[in-house]
Amino acid sequence: MADLSLELCGVKLKNPIIAASGTFGFGREYDELYDIGQLGGISVKGLSLKPRTGNPPSRIAETPSGMLNSVGLQNPGVDSFVENDLPWLLGKNVAVIANITGTSIDEYVQMAERLAPTGVHMLEMNISCPNVHEGGVAFGVKPESVYQITKAVKAAARQPLIVKLTPNVSDITENALAAQEAGADAISMINTLTGIAVDVRRRKMILANNTGGLSGPAVRPVALRMVWQSAQKVHIPIIGMGGIETGEDAAAFMLCGAKAVMVGTANFTDPFACPRIIRELDAYCDRQNVRSAQELVGTLEENG
């Protein structure tokens with residue numbers, strides 16, 4: 001058996017498989033099926049300062065090799081999480097990553113301050129959210145705004161800060177560099193690609209919010225390319241995600257430069273996806289005569 005353990009931003013993980021935010025809740029439902037302590041980590045459902053009800057239905061639409069979601073970051077709020085869910089999660093012997101969201105830099109800073117004295121191991125900052133002070137443009141679109149918000153939240157954070165990058169940009173490496181320069185401890189990529197679904201019979205948008213985030217195997221080639229490109233530019237750890245369904249998918253991201261990976265949409269089609277992917281990654285390493293999974297990171301050979 002290969003050694004799957006690693007250290008990510010000073011936090012020890014059993015393996016590089018992390019449940020992605022928005023697809024795993026706070027882990028309780030999955031823990032009824034298997035011990036979630038097997039996982040390397042859990043990035044919890046996106047948290048906001050106050051409870052959010054999310055968008056009206058329809059909020060989900062199937063697409064070829066993927067899905068569109070426009071849930072709208074429904075969550076009970078950070079205070080409820082800290083009081084009701086975090087103590088249980090901390091007892092599961094798994095790294096807990098708090099995914100935070102907001103509509104202004106001040107809200108993100110307040111989130112970091114609220115979580116600072118807790119037992120959360122890392123923060124993951126979702127910057128695909130609309131900035132109300134900039135006409136609704138996402139924080140993560142421009143390198144300047146990526147730098148500004150990362151610097152502010154890093155100053156308030158006590159835990160390592162992961163910046164989650166949006167792929168809906170012209171050059172994701174510019175934003176990766178901006179996050180690094182502002183003090184991010186790691187970056188995670190990619191968040192969902194913006195898309196729409198059309199009901200041709202009714203001649204209407206399917207999602208009530210019109211647009212949604214595309215995830216699943218359909219985005220994997222784009223995600224792999226963006227991880228590979230960013231790994232050439234930054235020296236902080238990259239957490240890769242985007243359509244990972246198997247251990248070999250996870251290995252592909254690691255070969256492209258990801259130190260760890262997040263598994264999202266696959267949890268919906270197979271609730272046992274994460275522990276299965278851990279086993280499959282271990283088997284892949286054995287077949288490749290790799291003693292430690294971290295030996296894979298950034299070793300992809302180019303042609304020509």
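Could you go through the stretch 7-15 and let me know if any residue there is in contact with a Lys or Arg (Cβ under 8 Å, 6 or more places away or on another chain), within 15 Å of residue 263 (Cα to Cα) and in a loop (DSSP other than H, G, I, E, B). No, the stretch 7-15 contains no residue that is in contact with a Lys or Arg (Cβ under 8 Å, 6 or more places away or on another chain), within 15 Å of residue 263 (Cα to Cα) and in a loop (DSSP other than H, G, I, E, B).
Among the residues making up the stretch 108-152, those that are open to solvent by 60 Å² or more (accessible area, probe 1.4 Å), at pLDDT 95 or above and more than 20 Å from the chain's Cα centre (by Cα) are 110, 113, 114, 117, 144, 148.
With respect to (1) under 24 Å from residue 260 (Cα atoms); (2) open to solvent by 10 Å² or more (accessible area, probe 1.4 Å); (3) over 16 Å from the mean Cα position of the chain (by Cα), the lone exception for residue 193 is condition (3).
Do we have any residue at all in the stretch 272-285 that's over 21 Å from residue 190 (Cβ atoms), assigned to a loop (DSSP other than H, G, I, E, B) and at pLDDT 95 or above? Yes. Within the stretch 38-79, the set of residues being surrounded by fewer than 15 Cβ atoms within 10 Å (Cβ to Cβ), closer than 28 Å to residue 120 by Cα, more than 20 Å from the chain's Cα centre (by Cα) and not β-branched (Val, Ile, Thr) comprises 50, 51, 79. Scanning the stretch 90-125 for residues that are among the aliphatic types (A, V, I, L, M) and not in a helix (DSSP H, G or I) yields 94, 95, 96, 97, 98, 100, 116, 120, 122, 123, 125. Taking the residues in the stretch 257-289 that are of a type in the set (A, V, I, L, M, F, W, C) and open to solvent by 20 Å² or more (accessible area, probe 1.4 Å) as candidates, determine which candidate is nearest to the chain's Cα centre (by Cα). Per the stated criteria, the residue is 268. Where residues in the stretch 215-231 are over 15 Å from the mean Cα position of the chain (by Cα) and without any contact (Cβ under 8 Å) to a residue 40 or more places away in the chain, which of them is least open to solvent (accessible area, probe 1.4 Å)? Filtering the stretch 215-231 for residues that are over 15 Å from the mean Cα position of the chain (by Cα) and without any contact (Cβ under 8 Å) to a residue 40 or more places away in the chain, the one least open to solvent (accessible area, probe 1.4 Å) comes out as 221. The residues of the stretch 26-37 that are among the acidic types (Asp, Glu) and either exposed (fewer than 13 other Cβ atoms within 10 Å of the Cβ) or not in a helix (DSSP H, G or I) (or both), listed by number, are 29, 32, 35. Scanning the stretch 169-189 for residues that are open to solvent by 10 Å² or more (accessible area, probe 1.4 Å), under 15 Å from the mean Cα position of the chain (by Cα) and free of Cβ contacts under 8 Å to residues at least 60 places away in the same chain returns no hits.
Surrounded by fewer than 23 Cβ atoms within 10 Å (Cβ to Cβ) and outside any loop (DSSP other than H, G, I, E, B): is that true of residue 87 in this structure?
Yes; evaluated as a whole, the condition is true for this residue.
In the condition set (1) touching a helix residue (DSSP H, G or I) at 6+ places or on another chain (Cβ under 6 Å); (2) without any contact (Cβ under 8 Å) to a residue 24 or more places away in the chain; (3) acidic (Asp, Glu), residue 113 is compliant with all but (2).
The values are calculated or read from the model by the stated rules, or taken from the named source; none is laboratory data. Because the structure is a prediction, the values reported are computed rather than measured. Note: ideal-geometry Cβ built from the backbone for every residue, glycine included; neighbour counts use all protein chains shown. Only protein heavy atoms, including side chains, enter the accessible area calculation; ligands, DNA and RNA are left aside. Shrake-Rupley method; radii C 1.70, N 1.55, O 1.52, S 1.80 Å.
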